[in-house]
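Notes to accompany the following structure.
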Amino acid sequence: MFGVLKKRLKESVQNLAKLATVVKREPEPAASARPEKEEGTGKPGEREKSGKALPKIVKKIREKEFSEHEIDEFFTGMETGLLQANLALEVTDFLRSRLKEMLVGRPVKRRDAERVIRDSFRILLLETVDHGEINIHDVIKAAKLEKRPACLLFLGYNGSGKTTTIAKIASLLLLKKRKPVLAAADTFRAASIEQLEFHGKRLGINVIKHKYGADPAAVVFDARKHAASKGLDVVLADTAGRMHTDINLMDELKKISRVNSPDLQILVVDSLTGNDVVQQVRKFDEGIGIDGLILTKLDVNEKGGSIISACYTAKKPVLFIGTGQEYGDLQEFEPEKFVAQILG
């Protein structure tokens, strides 16, 4: 998992560390330029000056201070490799800028250079992917105190694994003795309702649906009414997978949100998406507003850069990661663990 990104970041750490091991020595003056001095005729002041210079020379050999130019040069050489790992260019620019803040002008012992740079990358990656946490069980408890079911609205692009993710969360809630109901608010895509019903039957959960072409906001509204009347805990609402550039369908999502005031609006992101993930996340957040992310298909993700790009763009918590097709293949996102996996 993340093989390409691991390789690129490992190269980044090692290549930047190599810069710190290069000792630039001042050229020796030519023999003819050296003043000849008879033994014992040196002035005391000159001898002292020579003695003070030695520690400075030793320090220069042992320590390194990175320059902005060196870090720029380094990242310029790495940009193509990081892009190949699906790390968006603006994320690379962020890493470049932050690394300058952390390293430029800071004395680094040459023997410790790789460790210092590695630690710096770890801090940077954590800054990029760790934006707090959201506990859906706490959200459900808070709604229960208000004597109403919670409502979670799931958004996402076609093929992101949204419907399967909803089923996984429903399964997780059942294990926690919660009572969910599913809302088939994707009335746009053929067979979407049947797909959700398939999961509902397997899990023993009701699915509230209307006909294809019906108003999806009304589907979610009816699911909330059903949940309230039956004493259920939470509505998990599926929505039409849509392109973030489709204005009409985005307006439809806004209506679902406006009519139903969901407790959480969760964007499901296919972690295999390339650099387009930045625009997807940005448009959903600007157009509708998202509270958190769920990242899918991490079990087959060899590049990994789009995960970092999505987190950087959203600046919202990642609730879960999907690691397979089974209902149990859903894990809480742990930023420290994720970064450790990437850095190896």
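Bear in mind these aren't lab numbers, they're just calculated from the coordinates by the rules spelled out. These numbers come from a predicted model, not from an experiment. We place every Cβ from the backbone using ideal geometry, glycine too, and count neighbours over all the protein chains shown.
Here are the numbers for this structure:
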| item | result |
| --- | --- |
| Mean projection area, nm², convex hull over Cα of region 205-251 | 3.9 nm² |
| Among beta bridges that DSSP assigns inside the chain, antiparallel share in %, nearest 5 | 20 percent |
| Computed FRET value (nearest 0.05) for Asn15 with His210, which takes r as the C-beta separation and R₀ as 41 Å | 0.10 |
| Part-to-part distance (alpha-carbon centres) for region 63-91 and region 125-202, which is given in Å | 38 Å |
| Residues Phe94 and His137, FRET efficiency given R0 of 45 Å [Cβ-Cβ distance, rounded to 0.05] | 0.85 |
| Listed residues Val104, Val318, Val278, most fluctuating in the chain (Gaussian network, C-alpha, under 10 Å) | Val104 |
| Nitroxide proxy distance, nm - points 7 Å out along Cα→Cβ at Glu334 and Phe198 | 3.3 nm |
| Within a Gaussian network of the chain (alpha carbon springs, distance under 10 Å), most fluctuating of Asn260, Asn135, Asn206 | Asn135 |
| Computed over the chain: relative contact order in percent, which uses C-alpha pairs under 8 Å that are six or more apart | 23 percent |
| Cβ charges +1 (Lys, Arg) and -1 (Asp, Glu), total dipole of region 136-343, debye | 760 debye |
| Cα-Cα over 21 Å, subset of Lys230/Lys255; Lys176/Lys201; Lys147/Lys254; Lys179/Lys209; Lys141/Lys209 | Lys230/Lys255; Lys147/Lys254; Lys141/Lys209 |
| Highest-MSF residue in the chain out of Lys254, Lys303, Lys162 [GNM, Cα springs under 10 Å] | Lys254 |
| GluC sites (Glu not before Pro), loop per DSSP, at most 14 other Cβ atoms within 10 Å - longest free stretch of the chain | 147-301 |
| Extension gain, Glu68 back to Leu83 (0.36 nm per residue minus Cα-Cα distance, nm) | 3.2 nm |
| Two-site label geometry, Lys254 and Phe188: point separation in nm, points 7 Å out along Cα→Cβ | 1.4 nm |
| Shape category assigned to region 217-344 from the gyration tensor of Cα positions, a/c cut at 1.5 | oblate |
| Globularity ratio of the chain, using Cα Rg and 2.2 N^0.38 Å | 1.40 |
| Beta bridges per DSSP with both ends in region 238-344, % antiparallel, nearest 5 | 25 percent |
| Helix 44-62 vs. the chain, principal-axis angle (Cα, 0 to 90°, nearest 10) | 30 degrees |
